[in-house]
1. Would you pick out the residues in region 242-265 that are open to solvent by 30 Å² or more (accessible area, probe 1.4 Å), closer than 17 Å to I223 by Cβ and either charged (D, E, K, R) or touching a residue at least 60 places away in the same chain (Cβ under 8 Å) (or both)?
2. From the list D64, D110, which one is modelled with pLDDT of 95 or more and either hydrophobic (A, V, I, L, M, F, W, C) or over 19 Å from V182 (Cβ atoms) (or both)?
3. Can you run down the residue pairs with Cβ atoms below 8 Å, 6 or more apart or on separate chains, where the first is in region 266-277 and on the phi > 0 side of the Ramachandran plot and the partner is open to solvent by 10 Å² or more (accessible area, probe 1.4 Å)?
4. Within region 138-148, how many residues turn out to be without any contact (Cβ under 8 Å) to a residue 60 or more places away in the chain and over 12 Å from S106 (Cα atoms)?
5. Scan region 218-241 and report the pairs whose first residue is in contact (Cβ under 8 Å) with a residue 60 or more places away in the chain and whose second residue is in a strand (DSSP E or B), with Cβ atoms within less than 7 Å and a gap of 6+ or a chain change.
6. Could you identify the single residue in L171, L190 that is modelled with pLDDT of 95 or more, in contact with a Pro (Cβ under 6 Å, 6 or more places away or on another chain) and under 22 Å from Q128 (Cβ atoms)?
7. Mind checking whether some residue in region 101-118 is of a type outside the set (D, E) and in contact with a Pro (Cβ under 6 Å, 6 or more places away or on another chain)?
Amino acid sequence: MKKLMLFVALFIAVSSVAIPHGRADTNQGKIEIASGAGVNSLAFSPDGRFLASGHNALSVEVWDAATGKKLAGLKGHGDIEAGGGWVKKGAVNSVVFSPDGRLLASGGTDSRIILWDTTTWKQTKTLQFGSGSDQLGSLAFSPDGRLLASAGADSRIILWDTTTWQKVRELKGHSRGVNSVVFSGDGKLLASGSDDRLVIMWDPFTGNRVATLDSRSRRVCSIDFGPDNKVLASGGNFPNIVLWDVATADMSKLIPTTQRSVVLSLKYAADGKTLASSYHNGRIDLWETKTPFRRKMLSHGNSPVNFLTFGPDGKVLASGDDSGKITIWRDGVNPWSLLPE
C-alpha cells in the first residue's frame, strides 16, 4: 500500500511540472516548446537540422529540430521610436534560411533585415529596409539564393542582390501593406499578398507584373506556391482558401475551411500532397490535395497560430502561436500520415 501511495505521489508531482521557458517537452511524438514570447515566423534549415523562430520580444531563437533544445538566442532587432519620447515594442516578423543554409535572415518592425552566419550565429550584415514606419512583414530567398525579397507595411517589395547586398529593384503595385512574399520553386515568379486584398505575381528578373488576382478577401495574410509551380494558394479574411492556376491566373478551386476564422498561414509539403493552413482560432487543417480534398484537423490550443512550415522532407511540421508555444509534429504520429491513400 505504501508503495502504491508513493507511486501516486510521484506521478502527481511529475505531471504537475510546468514546461520551463525555452524548454521542450515530448507528448505522444510531438515536441512542444514554451518559447516565452509570441511566435510570428518559423523556418527549417535546408538540411532540417535547425528550426528558427521570430518573436514579439525582438528575439530570434534557434532550436534543434530533432529534440527541441534551444541552441541560440539572437539579439539585434530593436524597438520603434514612435515620437514624443514614446517607444513601441518591436517584433521579429520573418525568418528564412538561405538555400545553401549558410545564412539566416530576419526582419522586423524596426525596418531592418539582419543576416546571421549559421555556423557561429553571429551577425554578418544589416540591411535597412526603410524608415521606422516601414515595418517589415515577410522575407523570401529565391531558390538559387541570388535574390532576397523583402516586403512590409509601406506596400513596397524590395529585391536584394545577395552577392553585393545592394537593392536590385523595387516592385510597386500594392496599395497597402504586404504580408507575404514567396518565390515559385523554379524561381521564375515572385508572388505577394497584401492588405489591399490583391495577390500579385511578378517577374523577379524584370520587375514586371505578370498577373493581379483578386483574392475576394479583405486582406491576404499568406500565400504559397505548390511544388509543381502550377498552383498558388492564398488565404486571409475569407472563409475559403483560394487555389489559383498559375498559368492562366484564374481561380481554379475554393477550399471551404469551415473554421469561421482568419487564415494566418499556408504551406505546402515538399511532395505537394498536403497543404497546411492555420487560423486565428488556434486550429490547424491538413488538406490532402487530391480530389476530393480531404481534411484532418489539429488543435494547437486557443491562441492564434501565426505561422506554420514543413521541414524539407515534408515529414515534419512546425507551428507557432501567439502564446509562444512552438509544436513540432513528426511523421508516424502526425495527422497527415493518417490521410487515406
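1. Result: D245, D250, K253.
2. Working: D110 fails: modelled with pLDDT of 95 or more.
Being modelled with pLDDT of 95 or more and either hydrophobic (A, V, I, L, M, F, W, C) or over 19 Å from V182 (Cβ atoms) (or both) holds for just one of D64, D110, which is D64.
3. Going by the 8 Å Cβ cut-off, the qualifying pairs are G272/P227; G272/D228; G272/T289.
4. First, pick out the residues of region 138-148 that are without any contact (Cβ under 8 Å) to a residue 60 or more places away in the chain: 138-141, 143-148.
Next, from what is left, pick out any that are over 12 Å from S106 (Cα atoms): 143-147.
Going through region 138-148 one residue at a time, the tally reaches 5.
5. Here the result reads G226/Y268, each pair linking region 218-241 to a residue that is in a strand (DSSP E or B).
6. The unique qualifying residue is L190.
7. There is at least one residue in region 101-118 that is of a type outside the set (D, E) and in contact with a Pro (Cβ under 6 Å, 6 or more places away or on another chain).
One line per residue, one yes/no per condition, for (1) assigned to a loop (DSSP other than H, G, I, E, B); (2) under 29 Å from A91 (Cα atoms); (3) polar (S, T, N, Q); (4) touching a Gly at 6+ places or on another chain (Cβ under 7 Å):
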{"site": "L254", "(1), (2), (3), (4)": "no, no, no, no"}
{"site": "L308", "(1), (2), (3), (4)": "no, yes, no, no"}
{"site": "P312", "(1), (2), (3), (4)": "yes, yes, no, yes"}
{"site": "S319", "(1), (2), (3), (4)": "no, yes, yes, no"}
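The values are calculated or read from the model by the stated rules, or taken from the named source; none is laboratory data. These figures come from a predicted structure and were not determined experimentally. FYI the Cβ positions are ideal-geometry reconstructions off the backbone, even for glycines, and counts take in every protein chain you see. Note: areas computed on protein heavy atoms with side chains; ligands, DNA, RNA excluded. Shrake-Rupley method; radii C 1.70, N 1.55, O 1.52, S 1.80 Å.
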